[in-house]
2 protein chains.
Amino acid sequence: MNQTTNKRIQQKQQTALLILDAAKKLFAEQGFENTTTRSIATEAGVGIGTVFAHYPDKITLLGQALRGEIGQVVENSLKILGQHQEFTEQLVHLSVGLMAYYIKNQSLARELIKYATFQKGPEAAAFNEQMTNFALVASGIIEQAVKKGVLDSQVQVSTMTKNYMAIHFFVVGQCLRLDAPQLEEQTTQLREMVQALFTGYCLRGKSLP
Amino acid sequence: MNQTTNKRIQQKQQTALLILDAAKKLFAEQGFENTTTRSIATEAGVGIGTVFAHYPDKITLLGQALRGEIGQVVENSLKILGQHQEFTEQLVHLSVGLMAYYIKNQSLARELIKYATFQKGPEAAAFNEQMTNFALVASGIIEQAVKKGVLDSQVQVSTMTKNYMAIHFFVVGQCLRLDAPQLEEQTTQLREMVQALFTGYCLRGKSLP
DNA sequence: TTGTTTCATTGAGCACGCTCAGTGAGTATA
DNA sequence: TATACTCACTGAGCGTGCTCAATGAAACAA
């Protein structure tokens, strides 16, 4: 029963992959807007109807194409978080990974985030869940700093986390919007803003470089 | 020469107004996506081609429809800025006007800002110029606070301004994204974030309420 | 095997935003 | 007045993203 039924399911899964691979290739080669769903279907060797039988719309295809990579980028950032001692540098590092990815894939990332930020739907929900996790990590870093006595204990961790996320989105927005953003410049700006946010609450006499 | 030429020019200007008025009406009644350019043409009593002879694309029509109102809102906010003594309250007040407008016109404003934030073109440029002016006002408020000795003179005004703008965009983003945002809640969050940003640098013993 | 049901696949077709060659009234020139 | 030119206006038509009734192969039932 299972073995026989599998034939259809396997076929379906493979078709879905074929379409996704074609989409990835064409998006990378021609950009999002310049790639037509018809050309994706042709590249994948299926009819247009099949494309939309597997993915509800074009933006979902882009989301599926980028989601894995973005998750990977965040994961990598998390792995080497511990290398930094200053919690502000940990926060900076957390954002820089994504910033670098967004700069490298500016036009595709811009399209996805434009959608995810302002629209509703499963694709936006999935993306925003990733961002919620991201905020949780930031919150943990700030909480640790308070517990270690590096930060004044009267700060509201939740409010500071929101402030950090605001900075993150602000700088990420610039990475997506500017004409030829330089990672170094944007990182410097990010660092300045994060330090400005926290320096007033730092207890030990750590000075800015 | 002028008088006779005016006939054409006047006719053209009136046609443009007719189209813009029709667009305003239909956008308000049916939303941006649900309003077709054809229906705007019909409502205005002109052909579709005429619509695009006057406005390069649909989003420009929305921009023209909202730009005036948004400018008005900012102007009104500026007029009563002086009523607040605490500079943090001045900053909060600066944002609240726009937030209220965005909540009231959520779906249309979202569409315009989605475009202006991530796309290029004259419409986006015009909107971003408004935002640059907005940032200049904020910068002035912060600079004043430093000069008055309310803020530690070692703060970088430019960096703090960026931090404030980050908060502004963050909260405005929520006003545009959430399902039924409450102005009071969003204002409270904005105030918390602004106070958290500056409290560490405040010289006088002004306490939070 | 034969009949029945499920469901992945298909492409003609729809509605949309936007284009562009053609039209004719308005304007300047003789 | 007669003629040439300008330019606001027009809608048929194009290329999109996406839909949906129809098709037929795979899966199950007899």
- request: Let me know the charge dipole size of chain A about its Cα centre in debye, to the nearest 20, where only the beta-carbon of Lys, Arg (+1) and Asp, Glu (-1) is charged.
  value: 500 debye
- prompt: What are the label-to-label distances in nm, one decimal and shortest first, from A:His84 to the same spot in the other copies, with labels 7 Å along Cα to Cβ?
  reply: 3.1
message: Name the chain B residue nearest the rotation axis between B and A, going by Cβ position, and give the distance in whole Å.
response: B:Gly200, 1
field: Cα→Cβ-extended label distance, 7 Å offset, between B:Ala126 and B:Leu183, nm
entry: 2.6 nm
task: Could you pull out every one of the aspartates and glutamates with an alpha carbon less than 18 Å from that of A:Lys79, ignoring same-chain neighbours closer than 8 positions?
output: A:Glu69, A:Glu89
Charge dipole (debye, nearest 20) of region B:1-55; +1 at Cβ of Lys and Arg, -1 at Cβ of Asp and Glu: 300 debye
query: Shortest first, in nm, what separates the label point of B:Glu185 from those of the same position in the other copies (7 Å along Cα→Cβ)?
result: 3.9
query: What's the extension gain from B:Glu33 to B:Asn133 if we count 0.36 nm per residue and subtract their Cα-Cα distance?
result: 33.0 nm
task: Hand me the trypsin sites (Lys or Arg not before Pro) from region B:135-209 located in a DSSP loop with no more than 10 other Cβ atoms within 10 Å, in residue order please.
output: B:Arg204
query: Label B:Gln119 and A:Glu86 with points 7 Å out from Cα along Cα→Cβ: what is the distance between them in nm?
result: 4.1 nm
query: For region A:44-150, what is Rg from Cα atoms divided by 2.2 N^0.38 Å, rounded to two decimals?
result: 1.32
Ellipsoid equivalent to chain B - semi-axes via the Cα gyration tensor, in Å: 41, 19, 13
- request: Per residue, how big is the convex hull around the C-alpha atoms of region A:1-55? Give it to me in cubic angstrom, could you?
  value: 68 Å³
task: Would you work out which of A:Gln85, A:Ser95, A:Asn128 lies farthest towards the positive end of the dipole of chain A? Charges go on Cβ: Lys and Arg +1, Asp and Glu -1.
output: A:Asn128
message: Can you show me the helix-derived [θ] at 222 nm for chain A, built from DSSP H runs with n ≥ 4 at -39,500 (n - 2.57) apiece and divided by the number of residues, rounded to the nearest 500.
response: -26000 deg cm²/dmol
- line: TM-like helix rule applied to chain B (DSSP H, alpha carbon span at least 27 Å on the long axis, mean Kyte-Doolittle at least -0.5) gives B:58-79, B:122-147, B:157-177
query: Given a cut-off of under 8 Å on Cα pairs at least six residues apart, what relative contact order in percent is computed for region B:57-209?
result: 29 percent
task: For A:Gly31, go 7 angstrom from Cα along the Cα-to-Cβ vector, then report the distances to that same point in the other copies in nm, smallest first.
output: 2.8
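Read the figures in this text as sums done on the coordinates, not as results from a lab. These figures come from a predicted structure and were not determined experimentally. With ideal geometry, Cβ positions are generated from the backbone for all residues, glycine too; neighbour counts draw on all protein chains shown.
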